[in-house]
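The values are calculated or read from the model by the stated rules, or taken from the named source; none is laboratory data. Since the structure is predicted, the reported quantities are computational estimates derived from the model, not experimental observations. All Cβ positions, even for glycine, are placed from backbone atoms using ideal geometry, and neighbour counts span all protein chains on display. Protein only, heavy atoms only, side chains kept; ligands, DNA and RNA dropped before computing areas. Shrake-Rupley method; radii C 1.70, N 1.55, O 1.52, S 1.80 Å.
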Amino acid sequence: MPRTDEDVMDIDPRIAQTIVENIKGVIRHDINFFDAHGKMIASTDATRIGTFHDAARLAAERKRTVAVDGDNQFIGARNGINAPVMFGDSVVAVIGITGQRHEVEPFGIMITKMTEILIRENVEQITRFDQRMMMTNLINLLVSQHNDEDLVSYLSSTLDVDLSIPRCIVLGRCTNADADHTKRDALLNALDKRFPSGSESIFRTSARGFCILFAITDQVGSMGQLDEHHMGVLSDLQKEISHVLGRPISIGIGSMETSANQYWRSYRQATAAVEWLRFTHGARVEEYSNIGLGMLLPAMQQSISEQFVQNIFAGLDDQRIDAFQTAFNAYTRYNGSVSRAADSLFIHKNTLQNHLNALAEQTGYNPRKLDDHTVLELAFLIRNYRSFTGEDPS
């Protein structure tokens, strides 16, 4: 029966070349890799790549080894053997060994088995990659407020993801703002270990970190917070990934959602939570509902927060504001004790007094007054947060 294109699995020539080079290291003969139509797509003899060979085509059609041991026996063929490579019940390739038949024929079974194993490993790797890409696409859609519902339905069905299960978004990021993003394979392995294929919790990784749609299998605590068990799982994960990556990790958690079309809301909350943890250098796991001012600052309109900061520090350059903040932070940290604050900065207390007086004069807000102190603290905080997030704080 003639072979059709639908019967043939395409093998990437780069994979084929890797296979022939691996086999070449085992036996001292040239190795040729043909597709199921008899076209050579890889070889240890680069001059032969791209040519067609009747012996290889015949081996694929008959599903058995074809030997070449005579001149002009097959067009384009050299002495040796051509053995079909099976994947299930189909021939996906033909592997050839160039040489005298009596020398290379004993290697026939060995090289076909080696090739089948290598192809299977590569196919499985490609399949895992394809599934991972589909999962990434699905999660990207689910955390967007507006998405293609048909595509979500298709991907969730293909990946066997039940979207009726209550989930919350869990985001992990490097705590250090300047941390590199190497060791992504190690991150992927750690998440695969915790949430293997078929788990109700699904995840994706990126250059920035990871995103988990964390399945809630039990009742949540008061105010919709996760219970001790779920928090324990995520706390253990945070410690494990921090250890594997060799740097601190912050994990933010959004609200639990029972409807997939509300995941975007949990995602926004998790984003705010993890960015607040990074801003405050918090290498821990925290829910959005517990981040205090971190709930307020990201929600403020940029124009309003900028105007607020500008009104407080009008006319002051960045260097002057930074100097004021150093004095202000020390004064705050030591609960208004000028002597202890000055000692911590290695300056005379009169010098600190002068800084605080200048701050009051140039901003109109006196840090010694409780109401004014609150305004100044918020202004410094907003300025730092906008700078951390890459927004112009001035």
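Quick check: the angle from helix 370-388's long axis to the longest principal axis of the chain, C-alpha only, nearest 10 degrees?
20 degrees
If the convex hull of the alpha-carbon atoms of the range 246-310 is projected onto planes in all directions, what is the mean projected area in square nanometres?
With every direction weighted equally, the projected area is 5.7 nm².
Test of understanding: in a Gaussian network model of the chain with alpha carbons linked when under 10 Å, which of 54, 89, 185 would top the mean-square fluctuation ranking?
Highest fluctuation among the options: 89.
Please work out the Cα center distance from the range 304-372 to the range 99-171, rounded to the nearest Å.
That distance is 58 Å.
Estimate the FRET efficiency between residue 348 and residue 318 by the formula 1/(1 + (r/R0)^6), using the beta-carbon distance for r and 22 Å for R0, to the nearest 0.05.
Working: r = 25 Å, r/R0 = 1.16.
According to the calculation, E is roughly 0.30.
So how do 281, 348 rank on accessible area, 1.4 Å probe, biggest first, that is with the largest at the start?
Working: 281 140, 348 110 Å².
The ranking, largest first, comes out as 281, 348.
Identify which of 347, 126, 251 has the largest mean-square fluctuation in a Gaussian network model of the chain, with springs joining Cα atoms closer than 10 Å.
The residue that fluctuates most here is 347.
Convex hull volume of the Cα atoms in the range 236-362, per residue, in Å³?
Cα convex hull per residue, to the nearest whole number: 161 Å³.
Mind putting a number on the dipole of the range 254-356 about its Cα centre? Charges go on the C-beta only, +1 for Lys and Arg and -1 for Asp and Glu, and I need it in Debye to the nearest 20.
Approximately 240 debye in magnitude.
At a Förster distance of 41 Å, what's the computed FRET efficiency of residue 78 paired with residue 120, Cβ-Cβ distance as r, to 0.05? Don't skip to the end; give the middle numbers.
Numbers: r = 28 Å, r/R0 = 0.69.
After rounding, the FRET efficiency stands at 0.90.
At a probe size of 1.4 Å, how large is the accessible area of residue 320, to the nearest 10 Å²?
Accessible area of residue 320: about 80 Å².
May I ask you to give the percent of accessible area on the chain that is carbon plus sulfur, with a probe radius of 1.4 Å? Provide the component values of the computation, followed by the final result.
Details: 10210 of 20960 Å².
Of the solvent-accessible surface of the chain, carbon and sulfur hold 49 percent.
Tell me the per residue accessible area of the chain using a 1.4 Å probe; a whole number in Å² is fine.
Working: 20960 Å² over 394 residues.
Each residue of the chain exposes 53 Å² on average to a 1.4 Å probe.
Quick check on the range 176-306: take the gyration tensor over C-alpha atoms, sort the square-rooted eigenvalues as a ≥ b ≥ c, and tell me if it's rounded (a/c under 1.5), prolate or oblate.
Values: a/c = 1.69, a/b = 1.13, b/c = 1.49.
Because a/c hits 1.5 or more and a/b fails to exceed b/c, the range 176-306 counts as oblate.
From a point 7 Å beyond the Cα of residue 86 in the direction of its Cβ, which residues of the range 120-139 have a backbone N at a distance under 13 Å?
From the range 120-139, the list is empty.
Over 19 Å between C-alpha atoms is what I'm after, so list which of 63/113; 39/113; 39/63 land there. All intermediate terms of the calculation are to be shown ahead of the outcome.
Values: 63/113 14 Å; 39/113 21 Å; 39/63 16 Å.
Over 19 Å Cα-Cα: 39/113.
Report the gain in length on full extension from residue 281 to residue 63: 0.36 nm times residue separation, minus Cα-Cα distance, nm rounded to one decimal. Walk me through the numbers on the way to the answer.
Values: separation 218, 0.36 × 218 = 78.48 nm, distance 6.34 nm.
Length gained between residue 281 and residue 63: 72.1 nm.
With r as the distance between the Cβ atoms of residue 22 and residue 54 and R0 = 25 Å, compute the FRET efficiency 1/(1 + (r/R0)^6) and round to 0.05. Don't jump to the answer; show the numbers that get you there.
Working: r = 26 Å, r/R0 = 1.06.
My answer for the efficiency is 0.40.
Given only helices, namely DSSP H runs of n ≥ 4 each adding -39500 (n - 2.57), what is the per-residue ellipticity at 222 nm of the chain, to the nearest 500 deg cm²/dmol?
Working: 14 runs with 189 residues, N = 394.
About -15500 deg cm²/dmol.
When the dipole is taken about the Cα centre of the chain, and only Lys, Arg (+1) and Asp, Glu (-1) are charged at their Cβ, what size is it in debye, to the nearest 20? Please list the in-between numbers first.
Details: 38 positive and 50 negative charges, 192 e Å.
In debye, rounded to 20, the chain gives about 920.
When the chain is treated as a GNM, springs tying every alpha-carbon pair under 10 Å, which of 234, 191, 352 comes out with the largest mean-square fluctuation?
Comparing 234, 191, 352 in the GNM, the peak value goes to 352.
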